[in-house]
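Notes follow the structure.
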Amino acid sequence: MYVVMVTYTAPVPDVDYALPDHAEWLAKQYEQNHLIASGRRDLHRGEVLIVRPMSRLKLDAMLASDPLSLGHLAAYEVIEFSASRTCHELHAVNELLAR
């Protein structure tokens, strides 16, 4: 599983212009069952993505297809971790990780 810290690297108006395309990209990632959660960081600094387990190569390819990446508007910090405990609502996700 991964936590991806997205940091905007371009002026806010440039990022805002790309956000509708980015929102479509996020929807596609949810449809493909890649994302668990996502949301904006405070002060319009970027976003946080929580990504289901996958190969790092697949994750890198997924992030490279993000309009924010394609437009050189954001940087991505990828943190890989193995969840050993989850809240009740994410129990099914944790069970999948144990397999």
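Highlighted here are the helices (runs of 4 or more DSSP H) found entirely within the chain that include at least 3 residues which are at pLDDT below 95: 91-98. Residues in region 25-39 that are in contact (Cβ under 8 Å) with a residue 12 or more places away in the chain and exposed (fewer than 11 other Cβ atoms within 10 Å of the Cβ): 1 in all. Scanning region 14-35 finds no residues that are among the β-branched types (Val, Ile, Thr) and within 12 Å of the chain's Cα centre (by Cα).
The values are calculated or read from the model by the stated rules, or taken from the named source; none is laboratory data. Keep in mind it's a predicted model, so treat the numbers as computed, not measured. Every residue, glycine among them, receives a Cβ derived from its backbone with ideal geometry; neighbour counts consider all protein chains shown.
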